[in-house]
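Student: Let me give you the structure first, and then I'll get to my questions.
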Amino acid sequence: MSPSLERLLRQHLRTFAPYLPGTSAEDVARRYGIACPVKLSQNENPLGTSPRAIAALRELSSLNAYAEDEHVALRARLARAYALPPDCVVLGHGSNELVQLVFTAFVDPGDGVVIARPTFSLFRKDAEIAQARIDAVPLDDAGVHDLDAMLRAIGPRTKVVFVCDPNNPTGTRVRRERLHAFARALPPDVLLVIDQAYREYMDDGGCDGVDILRERPATLVLRTVSKIYGLAAVRFGYGYSSPEIVSYVDRVRLPFNVSRPAAEAALAALDDDAFVARSRASNAAGKRQLLDAFARLGLHAYESAANFIAVGVPTTATEMYDALLARGVIVRSGDGLGMPGRLRVTIGTHDENSAFVAALEEALATLRPATVRVAG
Ligand SMILES: Cc1ncc(COP(=O)(O)O)c(C=O)c1O
């Protein structure tokens, strides 16, 4: 590091690692000369984008004016879904922005944050930027949040606890009654953030964080249009909380954090029940296809409630990741996700899943088993 940068940089960021978004299709094309790699690495919707959202985007004829900052119609639409008042809804540039705003609004250096391990990497990243003290509580043997241990980790300086349901990178869900009991046992001045980016993929809807919010005002439920609605590129996510919490998260955001294209696309997509149903059915079929293949190959998979599966491999995760990459299939290595010995694979279309399984079988036949063994 140059002396001038050393002086400039905030001290605690000197060893700060950059966020690794995973290998892009363009990288694989460049490195291996494979024109159209199969990308199963970012938990995107393999069916594309809600057609209603695309139609709404096509209708935009000018973008010269700033969007209306309040997004009244969009907030009303989101509030109506739960018969909540619109001031219980907060909008973000992706739900990721709302995680960051939680830290800006509520967490001072040295305050405590409780998360699971492994869980969505941005919770730790934002906590580190905020100089929070992080308590990362290991998942149980089934890869599920250990809510009893998380409760024990709550101390006098704990400000926020994150529950990711379904959890990224394991795909596992918490049981409804367990999460309700956990929420009831939390001190009332600890903010419970329930990140439900994949909720729409759950068979029975799983635990609805908004039910917890109704009982416990210091709760923030995060949702997004990036996953089942196929709108990751427009960057829009939203949250439900008490009007007081919403008002503080909202006042520390940038003005115009939600673009007009994002708002129009989201408003249309949220009513696209046909696309959601098709996406859910495709995901359920793809999940069966992959789980059958994993069972045939003797690979252990965590039970997934999402659009991705964490599967154990008999090599190191990164060896297998590299071997798949060379065969034109991009997944995520669990080594970078706190899940050694496993891959995180997004459930794709039938053909994408078949290509992944074929590459996996080939790689398994050529790679030697590693010393890393998978738990569970
Ligand atoms: C747990 C979790 N929350 C949120 C997101 C993304 O949210 P957004 O695109 O709305 O910022 C992801 C995406 O990978 C995720 O895994």
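Student: Got a sec? Which helices (runs of 4 or more DSSP H) wholly within the stretch 56-132 have at least 2 residues that are closer than 28 Å to residue 334 by Cβ?
Tutor: 95-106, 121-129
Student: Collect the residues in the stretch 182-204 that are in a loop (DSSP other than H, G, I, E, B) and among the small types (Gly, Ala, Ser), keeping them in residue-number order.
Tutor: The one that is in a loop (DSSP other than H, G, I, E, B) and among the small types (Gly, Ala, Ser): 197.
Student: Counting only residues that are surrounded by 17 or more Cβ atoms within 10 Å (Cβ to Cβ) and small (Gly, Ala, Ser), which one in the stretch 184-233 is farthest from the ligand (Cβ to nearest atom)?
Tutor: 218
Student: Going by the structure shown, is residue 222 at pLDDT 95 or above, part of a strand (DSSP E or B) and either within 30 Å of residue 343 (Cα to Cα) or not assigned by TED's automatic domain parsing to the domain that holds residue 70 (or both)? Before you say what the answer is, go through the steps one by one.
Tutor: Working: at pLDDT 95 or above: yes; part of a strand (DSSP E or B): yes; either within 30 Å of residue 343 (Cα to Cα) or not assigned by TED's automatic domain parsing to the domain that holds residue 70 (or both): yes.
Spelling it out, residue 222 is indeed at pLDDT 95 or above, part of a strand (DSSP E or B) and either within 30 Å of residue 343 (Cα to Cα) or not assigned by TED's automatic domain parsing to the domain that holds residue 70 (or both).
Student: Please enumerate the residues belonging to the stretch 58-76 that are closer than 27 Å to residue 221 by Cα, over 23 Å from the mean Cα position of the chain (by Cα) and of a type outside the set (Val, Ile, Thr). It would help to see each step written out before you state the result.
Tutor: Looking only at the stretch 58-76, we keep the residues that are closer than 27 Å to residue 221 by Cα, and these are 67-76.
After this cut, where a residue has to be over 23 Å from the mean Cα position of the chain (by Cα) as well, the list is 67-73, 76.
Hits for the stretch 58-76 are 67, 68, 69, 70, 71, 73, 76.
Student: Still on this structure, please answer the following. Can you spot a residue in the stretch 310-325 that is surrounded by fewer than 18 Cβ atoms within 10 Å (Cβ to Cβ) and closer than 24 Å to residue 47 by Cα?
Tutor: No: the stretch 310-325 contains no residue that is surrounded by fewer than 18 Cβ atoms within 10 Å (Cβ to Cβ) and closer than 24 Å to residue 47 by Cα.
Student: Out of curiosity, is residue 102 touching a Lys or Arg at 6+ places or on another chain (Cβ under 6 Å), in the same structural domain as residue 248 (by TED's automatic domain parsing), buried (at least 17 other Cβ atoms within 10 Å of the Cβ) and touching a residue at least 12 places away in the same chain (Cβ under 8 Å)?
Tutor: no
Student: Right, residue 132: touching a residue at least 12 places away in the same chain (Cβ under 8 Å), outside the structural domain of residue 302 (by TED's automatic domain parsing), in contact with a strand residue (DSSP E or B) (Cβ under 9 Å, 6 or more places away or on another chain) and under 19 Å from residue 308 (Cα atoms) or not?
Tutor: no
Student: Can I ask one more? Let me spell it out: the conditions are (1) modelled with pLDDT of 95 or more; (2) assigned to a loop (DSSP other than H, G, I, E, B), and residue 207 meets all of them except one. Which number is the exception?
Tutor: Just one mismatch for residue 207, condition (1).
Here is a yes/no grid of residues against (1) within 14 Å of the ligand (Cβ to nearest atom); (2) loosely packed, with under 13 Cβ neighbours inside 10 Å; (3) of a type in the set (Ser, Thr, Tyr):
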residue	(1), (2), (3)
31	no, yes, no
45	yes, no, no
52	no, no, no
56	no, no, no
64	no, yes, no
70	no, yes, no
78	yes, no, no
93	yes, no, no
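Student: Would it be correct to say that residue 124 is farther than 20 Å from residue 209 by Cβ and within 15 Å of the ligand (Cβ to nearest atom)?
Tutor: yes
Student: If you take the residues of the stretch 234-254 that are charged (D, E, K, R) and either surrounded by 23 or more Cβ atoms within 10 Å (Cβ to Cβ) or not in a helix (DSSP H, G or I) (or both), which of them is nearest to the ligand (Cβ to nearest atom)?
Tutor: It comes out as 235.
Student: Let me ask you something else. I'd like the full set of residues that are within 15 Å of the ligand (Cβ to nearest atom), on the phi < 0 side of the Ramachandran plot and in a loop (DSSP other than H, G, I, E, B), limited to the stretch 152-176.
Tutor: Residues satisfying the conditions are 165, 166, 167, 168, 169, 170, 172, 173, 174.
The values are calculated or read from the model by the stated rules, or taken from the named source; none is laboratory data. Nothing here was measured: the structure is a model prediction, and the numbers come from that model. We place every Cβ from the backbone using ideal geometry, glycine too, and count neighbours over all the protein chains shown.
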